[in-house]
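A short write-up of the structure that comes next.
The values are calculated or read from the model by the stated rules, or taken from the named source; none is laboratory data. These numbers come from a predicted model, not from an experiment. Cβ: placed from backbone, ideal geometry, glycine included. Neighbour counts: every protein chain shown. Just so you know, the surface numbers come from the protein's heavy atoms only, side chains and all, with ligands and any DNA or RNA stripped out. Shrake-Rupley method; radii C 1.70, N 1.55, O 1.52, S 1.80 Å.
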Amino acid sequence: MTVTLEPAVQVQGDRVSLLRVLGPAHVWALGVGIVLVGEFTGWNFAADKGGALAALIVCWIVGLLYTSVAMIDSEVTSTVAAAGGQYAQAKHIVGPLMAFNVALFLVFAYTMLEVSDAILLGDTIVAKAGVEGLNHNSFIAATIVVLAWLNYRGVLMTLNVNFVITAIAYVSIVILFFSVSPWTQGAVLKLNELVTPGNALPYGWIGVIAAFQFGIWYYLGIEGTTQAAEEVRSPARSLPYGTMAGMITLLIAAAMTWYVCASLMPWEYLGITYYPLWDAGKLTGSPLLENLLFIATLLAALASANGCINDAARAWFSLGRDRYLPTWFSAVHPKYRTPYRSILFLLPIALAFAFIADLNQAITFSILSGVLQYTFMSINIIMFRKKWPLGSIRRGYTHPFHPLPAIVLFCLCVVTFFAIFLGFGSQLIAMVAFYFLISLWFHFYRYRFVRRGAQFTMPWPKPQGY
Amino acid sequence: MWVALSYACWGISIVLALWMLYDWFKIDTTFSEDVLTSSREGELEAVSEKHRI
């Protein structure tokens, strides 16, 4: 049967599903697009916690955490290629309650990051304008609504736009790096004067631990690539390729960003500014670089919010499709092939948080949900390899040195939780209490609506030991 | 200029939000709920991946 709305809309056989139109470049754009804003603001607060050297140490150690995340995610997602990403992984490997929690981690992490991006964009424009009485709310509203509209209209255009604006923002970091003669100290850069043995670690090693909380910003969100699993043409190839390429890109960007900023600003200022790269552009004395970094800050915030809307909507959509939430949320737009109701449902929530929350609160909730999700991933991969050992099912990618990345990931998550507890202990406890209560609701009420057999869709053999 | 840009942002937001609401209404009244919620996880994988090693 064919239902026809207009010439471009045809629904074959009464089925409407997401479209497989994406390639590895879109996966890269989704992952790096979400993350790159962290180079333009956020990572530098690590310098406030532990000094400039601490910001560099966590850049590499948290880089190790995220490399583990990217490797583990690539292996599991190249096998469980479904919208919802880590939610679908948890459902098949751990169980429904874990999956429900993981989906909520995803929705919270991405929605709060989207809110933070919109606030950052609004504040950046207001700071540039310097007009008394100018409010950031109009810019926040435009960011969230325009990007939601873009997501509503189709994933291909959404991620094409993300690819272009992410590439421009990334190239601006490269241009800044080469414009300050990085091979010559003393001409523009003064690293040896600004970072000395006396001030490199002003609070000692506890400062390095505390800096973990903000070191997360260097890479927060790279795991979002997996949300595109149901829309990429070849998940087993595109997802590992796009995710690993994204991680390499980000490691390079993080190193360049730290080097330029730490060589231009004292750690006391670097640790409190909201615009480290824009400030670095100003400090070079070049109006061209200053304006380029201003525009790049806006584009990075836009790319991040755009990717977050895409990912949060797909996680919410997946919950509806499995009846973990009302099936109403699992509707797919018959023309644009997007989870349009989930996009529209999350839109006013993001707007409300963006108007009432401040940047620190929003990003702390995002980071907390993200780290909870990474902790799950370390356990998930151990269970995955145990239940379906190598050779029992086809994997698009097999990550090396198992179980070392899982152990490293788990240990670094524990350290990060401790660091968050030092800075935002009450928020951490409130968040854990929230997830505990919502789990009770799911277990005792909502799970009765779930079609228990239908939710497991992967054509795998029975797991070992079952 | 910045104040004008601020008003333009409000205008664009309202227009796009209204367009999405209109399209949502149009789609929901044109198609049945069964069609709109017919997406199933893993359908393509079930066809293309046999997992026989």
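Brief remarks follow.
- Residue match in segment A:342-349 (condition: open to solvent by 40 Å² or more (accessible area, probe 1.4 Å), part of a helix (DSSP H, G or I) and touching a His at 6+ places or on another chain (Cβ under 9 Å)): no
- Subset tally (residues that are more than 12 Å from chain B (Cβ to nearest Cβ) and modelled with pLDDT under 85) for segment A:445-466: 4
- Residue in segment A:177-193 that is under 18 Å from the mean Cα position of the chain (by Cα), surrounded by fewer than 24 Cβ atoms within 10 Å (Cβ to Cβ) and either at pLDDT 95 or above or within 14 Å of chain B (Cβ to nearest Cβ) (or both) present: no
- Applying the criterion of being open to solvent by 20 Å² or more (accessible area, probe 1.4 Å) and either modelled with pLDDT of 95 or more or not in a helix (DSSP H, G or I) (or both) to the residues of segment A:304-324, the residue that is farthest from the other protein chains (Cβ to nearest Cβ) is A:316.
A quick yes/no check of all residues on (1) within 12 Å of another protein chain (Cβ to nearest Cβ); (2) under 30 Å from residue A:459 (Cβ atoms); (3) open to solvent by less than 10 Å² (accessible area, probe 1.4 Å):
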position	(1), (2), (3)
A:74	no, yes, yes
A:103	no, yes, yes
A:115	no, no, yes
A:126	yes, no, no
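- Any hit, segment A:37-52, residues being closer than 30 Å to residue A:337 by Cα, at pLDDT 95 or above, in a helix (DSSP H, G or I) and of a type outside the set (S, T, N, Q): yes
- Here residue A:400 does not fit the description of being assigned to a helix (DSSP H, G or I) and either open to solvent by 50 Å² or more (accessible area, probe 1.4 Å) or not aliphatic (A, V, I, L, M) (or both).
- All conditions but one from (1) away from chain B (no Cβ under 14 Å); (2) loosely packed, with under 14 Cβ neighbours inside 10 Å apply to residue A:427; the one that does not is (2).
- For segment A:263-291, residues that are in a helix (DSSP H, G or I) and surrounded by fewer than 20 Cβ atoms within 10 Å (Cβ to Cβ) total 9.
- Checking residue A:163 against (1) farther than 29 Å from residue A:345 by Cβ; (2) in contact (Cβ under 8 Å) with a residue 24 or more places away in the chain, the condition it does not meet: (1)
- Conditions (1) over 22 Å from residue A:36 (Cβ atoms); (2) touching a residue at least 40 places away in the same chain (Cβ under 8 Å); (3) open to solvent by less than 10 Å² (accessible area, probe 1.4 Å); number of the one not met by residue A:330: (2)
- Residue within segment A:347-356 that is farther than 23 Å from residue A:103 by Cβ, away from chain B (no Cβ under 14 Å) and of a type in the set (Val, Ile, Thr) present: yes
- Note on segment A:435-455: among residues that are surrounded by 14 or more Cβ atoms within 10 Å (Cβ to Cβ) and not hydroxyl-bearing (Ser, Thr, Tyr), the one that is nearest to residue B:41 (Cα to Cα) is A:455.
- Criterion violated by residue A:135 - all others in (1) within 13 Å of chain B (Cβ to nearest Cβ); (2) part of a loop (DSSP other than H, G, I, E, B); (3) closer than 30 Å to residue A:53 by Cα satisfied: (3)
- Subset of segment A:325-346 (residues that are touching a Lys or Arg at 6+ places or on another chain (Cβ under 7 Å) and more than 12 Å from chain B (Cβ to nearest Cβ)): none
- Candidates A:301, A:296: the one that is assigned to a helix (DSSP H, G or I), among the aliphatic types (A, V, I, L, M) and in contact with an Asp or Glu (Cβ under 8 Å, 6 or more places away or on another chain) is A:301.
- Every residue from segment A:17-65 that is farther than 18 Å from residue A:309 by Cα, open to solvent by 10 Å² or more (accessible area, probe 1.4 Å) and more than 14 Å from chain B (Cβ to nearest Cβ): A:24, A:25, A:45, A:48, A:49, A:53, A:56, A:57, A:60, A:61, A:64
- Scanning segment A:148-160 for residues that are touching a residue at least 60 places away in the same chain (Cβ under 8 Å) and either open to solvent by less than 60 Å² (accessible area, probe 1.4 Å) or more than 14 Å from every other protein chain (Cβ to nearest Cβ) (or both) returns A:148, A:150, A:151, A:152, A:154, A:155, A:156, A:158, A:159, A:160.
- The criterion of being more than 14 Å from chain B (Cβ to nearest Cβ), of a type in the set (Val, Ile, Thr), surrounded by 22 or more Cβ atoms within 10 Å (Cβ to Cβ) and in contact with a Leu (Cβ under 7 Å, 6 or more places away or on another chain) does not hold for residue A:381.
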